[in-house]
Each structure stands twice: as structure tokens, then as C-alpha cells.
Amino acid sequence: MAGINNKVKSTNDIELKDRLVAINRVTKVTKGGRTFSFAAIVVVGNEDGIVGWGLGKAGEVTTAIAKGVEAAKKNLIKVPVLKGTIPHEQLARFGGSEVFIKPASPGTGVKAGGAMRAVLESVGVTDVLAKSKGSSNPHNLVKATIEALGELRDAYTVAQNRGVSMAKVFKG
């Protein structure tokens, strides 16, 4: 389950940038020959804590990408980004993919590969260490990374959920 309750309600006032993660050409063999179609997985984000992913399928690449962007705008989540990194370590799985993300000190950069890098850069993280284990399927990697980001909580949210002060959260 991606996130505790961090769905973004409205996308009207958000400037979103889209990144193409992968394009898959699919062939359907019929009596009349081969029919090609395309599936595009797209990540959108405002590089300030909001990110979403979408899958678009169409007969042409550009149409598939456009459909993916529209689908991504429908499932945006809010992620806590503190000083360019994430608040704590997080592990998440989706299908055969498992991702581990860890905060990093300023100047480290985004140490992540492929599909994970696209998601982390779209959310606005500038310093993070990430590792993917298991399947490198871009669809599952994107979904696992979004799930991991959705489970992140900052100290303020933890204090609010527990009904205690910020000082008490850090005492233990």
C-alpha cells in the first residue's frame, strides 16, 4: 500500500515534469500479419515532493507516452523531502523487485540506477543511496520505488500520529 494517507487531491496548480522510463513494443500476430503497439511507463513529478507513475498503451509511441502522462497525473503522492534527501531508510517490494533507499549526506548525488533514478529525481531528491534487488523489470521497479517513497514519514508526521511533542519523538 503506497502511503499512509498522502494522496494529492488536486493537480491544477502543480507544475509537473514527465520522464519516460521505458517503452515496450508489443507484437500481436493475427491472420493478416503482425500488429505492433507500444506500452510506455512514465513518471511525473514537480521535483518538490510530489510524484506519480502511469502506463500508457497505444499504436504509436507519442500517443502511448501522452496516455502514460495522463495516467500518472491521476495517482500522485506526496513525499517528505528534507534538505534534498529522505527522512529515513526504507525497504519495499513489488512483484519480483525489491528496493532499498537510504538518506545520504549533501553532495552525494542520486546513487540509483535506471527506473529508480527517474522516480527519485522526479520527486526532487538530490542526495540518496538506493539499491534494487531481484527483478530489474522497469514496471515493478517504478512501483516498488513509489511504494517505498509513499511509506516515508517525517518527524512532524510521526509526532502528530502519536499525539506527542517533537522533542518526545527524538527522545525515543
query: Got at least one residue in the range 77-94 being in contact with a Phe, Trp or Tyr (Cβ under 9 Å, 6 or more places away or on another chain), touching a residue at least 40 places away in the same chain (Cβ under 8 Å), under 14 Å from G49 (Cα atoms) and surrounded by fewer than 20 Cβ atoms within 10 Å (Cβ to Cβ)?
result: yes
message: Out of everything in the range 149-172 that is in contact (Cβ under 8 Å) with a residue 40 or more places away in the chain and touching a helix residue (DSSP H, G or I) at 6+ places or on another chain (Cβ under 9 Å), what residue ends up being surrounded by the fewest Cβ atoms within 10 Å (Cβ to Cβ)?
response: A155
- prompt: Restricting the first residue to the range 123-145 and requiring it to be free of Cβ contacts under 8 Å to residues at least 60 places away in the same chain and more than 18 Å from V81 (Cβ to Cβ), which pairs with a second residue that is assigned to a helix (DSSP H, G or I) and hydroxyl-bearing (S, T, Y) meet a Cβ separation below 9 Å and a spacing of at least six or different chains?
  reply: S132/T145
task: Inspect all residues belonging to the range 39-54 and state whether any of them is acidic (D, E) and either in contact (Cβ under 8 Å) with a residue 24 or more places away in the chain or in a strand (DSSP E or B) (or both).
output: yes
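In the list V43, V81, which residue meets the criterion of being within 17 Å of the chain's Cα centre (by Cα), modelled with pLDDT under 90 and either among the aliphatic types (A, V, I, L, M) or closer than 25 Å to L129 by Cβ (or both)?
Numbers: V43 fails: modelled with pLDDT under 90.
Going through V43, V81 in turn, the sole match is V81.
The values are calculated or read from the model by the stated rules, or taken from the named source; none is laboratory data. Every value quoted in this text rests on a predicted model; they were computed, and no experiment measured them. So basically every Cβ, Gly included, is an ideal-geometry build from the backbone, and we count neighbours across all protein chains shown.
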